[in-house]
Structures are given as C-alpha cells and as structure tokens.
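S.K.: Following this message is one structure expressed as structure tokens.
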Amino acid sequence: MSTPELTPLSLDELAAEAATALPTKEVISLLDLNVDLDLGLDLAAPIDLAVAANANVAAPIDAAVGANILSTGSTAAALSDQGVLIDQTISGHAIATAPQDSAIDQSNDVIDDGTTDPGTADPGTTDPGTGGTTDGDVTVPTDPASMLDGDLLNVDVNVALDADLAAPVAGAVAANANVAAPIDAAVSANVASVDSSATAISQQDAIITQHLDDVTARATADQQAEITQ
C-alpha cells in the first residue's frame, strides 16, 4: 500500500486562511480564585484539677555482668552481692481540693456572612464588553472571541473571623511519698584481649527506714472566673 504524497500549501493559500490573534501574556491570567469564608468560633476550656497521693516506692536492683568480646584465653568475672532491708511507713493525709466556678458568656456571634440577597440581584442586563447577557452574577458570553479576554479562573478571598477564647485553669497537687532505690552493679569485660583477666566485685548492704507519721499534705486551688467576650 503506497503512502499518498502531501502537497504543501502555497503562499496564497496560507494568506487566505483566517486566524484570531491571542491576547498578550501580560493581560491574561490563568488563576483568579474567589473564596468567601465566614467563621465564628467560641472556645471555652475551664479545667479543674486535683491530685492527692500516698505512695511507698522501693526498687532494689542487683546486677552483675561479665563479658569476653573478641578475646583469646581471657577471663571476665563479675560478682554483685546486695543485702537490702527497707521499712517504709506512711501515716498521714494527702488532700487536694480544686473548686472552680466559671461563668463564661461568649455572646458576640454576629459576623458578616458575605452573601448577597438573591432578591437584590440584577435580573439580567447586556454586557457591552463581552456582547453577552448577565443573569444576576453569571455572564453568558455570546461572542466566542470574548472568551479569550479576562481570567480563566477567578479567585477572590474574603475571610471574616470572629474568635472568642477562654481557658481558666485551676490545679492542685498534694503528695506524701517514700522512695528508696538502692542499686548494686558490677561489670567486667575483656575486649579484643589475649590472656587477660577482668574482675568486678560490687558488695552493698543497705538498710533504709522511712517513716511519715501523722503528716498532712494539702493543696487547694480555689478559682472563680467570670469571662464575657
């Protein structure tokens, strides 16, 4: 199957073709955004906190570690001896009180809604620039050439923001605590050694006596907040 040869157009035929010139790049916009945002925000966070605690904590730790790493003919010894006697007594009161009275009035809730009453819109006019008709806010072009004028996408941002923020916070913490943490540890290591000896000895004797008798830990947070925004 042979391919037909295409005959190029002559200069006269090219001159006879009709064309419409595009507008210059300086007068055309590809993006023009219109966004109306109306936001009314009221935030109120009254927080009342009360914590009371009586605690006995004991954490005796006994550890021994011996290691030979990349060693030849070596010895690593770790000895950890721990004797712990812990006596903890708590006789008391931990009281935390946080009364809070909050009266918050956020009554400023009127903002511009940014809308147009449909009853006041123009029922329809003729746009002399585009040769089309305008139905309210929508322009219907009748001249195809006018579609090359103006913006391809219009973006107009109108933001109306009304924010009320209120955060009264009341906190109270009371604690009675006994804490004991005797730690006994021994570590020995041979690293890349030949015919070596590593010895670690840790000996601990801990006798801990902790008493809290007839004690009171009291925390009071009294807050009265009256906020009008």
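S.K.: Does Ala53 count as small (Gly, Ala, Ser), at pLDDT below 85 and open to solvent by less than 90 Å² (accessible area, probe 1.4 Å)?
M.R.: Spelling it out, Ala53 is indeed small (Gly, Ala, Ser), at pLDDT below 85 and open to solvent by less than 90 Å² (accessible area, probe 1.4 Å).
S.K.: Please determine, by comparing only the residues of the stretch 175-191 that are of a type in the set (Gly, Ala, Ser) and assigned to a strand (DSSP E or B), which one is surrounded by the fewest Cβ atoms within 10 Å (Cβ to Cβ).
M.R.: Ala175
S.K.: Moving to a separate point now. Answer with yes or no whether Ala58 is within 24 Å of Thr199 (Cβ to Cβ) and either modelled with pLDDT of 65 or more or open to solvent by 80 Å² or more (accessible area, probe 1.4 Å) (or both).
M.R.: No, not satisfied.
S.K.: Just give me the residues in the stretch 192-221 being open to solvent by 60 Å² or more (accessible area, probe 1.4 Å), touching a Gly at 6+ places or on another chain (Cβ under 8 Å) and either part of a strand (DSSP E or B) or more than 30 Å from Ala76 (Cα to Cα) (or both), in sequence order.
M.R.: Passing the criteria: Val194, Asp205, Asp213, Asp214, Thr216.
S.K.: Quick one: is Ala160 in a strand (DSSP E or B), at pLDDT 85 or above and in contact with a strand residue (DSSP E or B) (Cβ under 7 Å, 6 or more places away or on another chain)?
M.R.: On the way: in a strand (DSSP E or B): yes; at pLDDT 85 or above: no; in contact with a strand residue (DSSP E or B) (Cβ under 7 Å, 6 or more places away or on another chain): yes.
In short, no.
S.K.: Might you let me know whether the stretch 18-38 holds any residue that is in contact with a Gly (Cβ under 7 Å, 6 or more places away or on another chain) and either at pLDDT 75 or above or farther than 30 Å from Ala103 by Cβ (or both)?
M.R.: The answer is yes, given that some residue of the stretch 18-38 is in contact with a Gly (Cβ under 7 Å, 6 or more places away or on another chain) and either at pLDDT 75 or above or farther than 30 Å from Ala103 by Cβ (or both).
S.K.: Quick check: is even one residue across the stretch 164-173 part of a strand (DSSP E or B), of a type in the set (D, E, K, R), at pLDDT below 90 and open to solvent by less than 20 Å² (accessible area, probe 1.4 Å)?
M.R.: Yes, because at least one residue in the stretch 164-173 is part of a strand (DSSP E or B), of a type in the set (D, E, K, R), at pLDDT below 90 and open to solvent by less than 20 Å² (accessible area, probe 1.4 Å).
The values are calculated or read from the model by the stated rules, or taken from the named source; none is laboratory data. Predicted model, so just to flag it, every value in this text is computed and none were measured. Neighbour counts are summed over all protein chains in view; Cβ atoms, including those assigned to glycine, are modelled from backbone coordinates with ideal geometry. Accessible surface is based on the protein model in full, side chains and every heavy atom, while ligands, DNA and RNA are left aside. Shrake-Rupley method; radii C 1.70, N 1.55, O 1.52, S 1.80 Å.
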